[in-house]
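The values are calculated or read from the model by the stated rules, or taken from the named source; none is laboratory data. Since we're looking at a predicted model, the values are computed, not measured. When we count neighbours, we look across all protein chains shown, and the Cβ atoms used for this are built from the backbone with ideal geometry, even at glycine. Side chains included, ligands, DNA and RNA excluded: accessible areas come from the protein's heavy atoms. Shrake-Rupley method; radii C 1.70, N 1.55, O 1.52, S 1.80 Å.
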Amino acid sequence: MLKKSIITTCLVLSSLTYATAQTTMCFKQNHADLITIENTKLDGGECASKKSSSDMKKEGWTIADIKMTPNSLGTDFIYVFKKETSLENVSEEVLMDKLYKRIETEKAAKEEAAKEALFVANKQAGEKLFTSKCVICHGQKGELKAKGVSRPINELDHNEFQAAIRDYNVGNKDGVMAILMKPYANMMDYNDIKNVYTYLKSINE
Ligand code: HEC
């Protein structure tokens, strides 16, 4: 998807550029000195024996191509100059900048949507587990002290939640009431904990 939109935008950009690019061809035959060619008046095209390559540059032309063919009298030069016309105010750099910004914005929006989708999926899985297995002792919103001894689990942060479940699983908690909780801790993996936690956060905001 993203790739496709980059390609489309690049095509649009390049066709804009080509549609408004102006080119002209100038030449110099049998020129003896490579160093002076810059400032030598060129024949043909927009140069018309009046303008050198450096004159052309001053007028906004850029060199698109140079062909040099040595012969017995010197070197034949053919210059191809290019100039953007109606895009004068909007340089390619500005257009590319806009394009990159748009790509960034699209990317950020997609990442945001993916995160949101993941959050919703986690929350729903958490709701399913919590309402079917935990509510009875911990309350609809995780607000109860289970059997009068636990902390309200909607007040735990993610680390505390994980550590508490792990404590039951590794046998760090073996009290009378802990025996009630242990089987539920045993059936929860990392994702279950994260999902229940996400669900409790979402209903207790
Ligand atoms: C039969 C009742 C019961 C059920 C059902 C139950 N728990 Fe518990 N839970 C307890 C008790 C009792 C404690 C406190 C045990 C102790 O003394 O350590 C506890 C403790 C906890 C703690 C640690 C709280 C603290 O203070 O550190 C977490 C987290 C927890 N339960 C999550 C859950 C989740 C999630 C579920 C559902 C998958 C669940 N419990 C189901 C009874 C239950």
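If you take the charge dipole of the chain about its Cα centre, with +1 on Lys and Arg Cβ and -1 on Asp and Glu Cβ, which of Asn154, Ile103, Tyr168 is farthest toward its positive end?
With unit charges placed on the Cβ atoms, the residue in question is Tyr168.
Explain nothing, just the number: dipole magnitude of the chain about its Cα centre with +1 on each Lys and Arg Cβ and -1 on each Asp and Glu Cβ, in debye rounded to the nearest 20.
Details: 29 positive and 28 negative charges, 152 e Å.
Here the chain has a charge dipole of around 720 debye.
With a cut-off of at most 16 other beta carbons within 10 Å, and DSSP calling the residue loop, which trypsin sites (Lys or Arg not before Pro) in segment 83-144 qualify? Please list them.
Numbers: sites: Lys83, Lys98, Lys101, Arg102, Lys107, Lys110, Lys115, Lys123, Lys128, Lys133, Lys141; in loops: Lys141.
Passing both the DSSP loop test and the Cβ count: Lys141.
What accessible area per residue comes out for the chain, rounded to a whole number of Å², with a 1.4 Å probe?
Details: 13690 Å² over 205 residues.
With all protein chains present, the chain gives 67 Å² per residue.
When the solvent-accessible surface of protein heavy atoms is calculated with a 1.4 angstrom probe, in what order do Val176, Val94 fall, highest first? The partial results should precede the final answer.
Details: Val176 125, Val94 70 Å².
So the residues, ranked largest to smallest area, are Val176, Val94.
Using only DSSP helix segments of four residues or longer, with each worth -39500 (n - 2.57), what per-residue ellipticity at 222 nm results for the chain after dividing by its residue count and rounding to 500? Please report the intermediate quantities before stating the final value.
Numbers: 7 runs with 106 residues, N = 205.
Value at 222 nm, helices only: -17000 deg cm²/dmol.
Tell me the relative contact order for the chain as a rounded percent, counting alpha carbon contacts under 8 Å between residues six or more apart.
Details: 226 pairs, mean separation 34.2, N = 205.
Over the chain, the number comes to 17 percent.
Ignoring any ligand, DNA or RNA, what whole percent of the accessible area of the chain comes from carbon and sulfur when the probe is 1.4 angstrom?
Numbers: 7830 of 13690 Å².
Answer for the chain is 57 percent, counting heavy atoms of protein chains only.
In angstroms, what radius of gyration and Dmax does segment 113-203 have, counting Cα atoms only?
12.9, 45
In Å and from the alpha-carbon atoms only, list the Rg and Dmax of the chain.
36.5, 107
Residue farthest toward the positive end of the dipole of the chain, with Cβ of Lys/Arg at +1 and Asp/Glu at -1: which of Ser91, Leu144, Ser72?
Leu144
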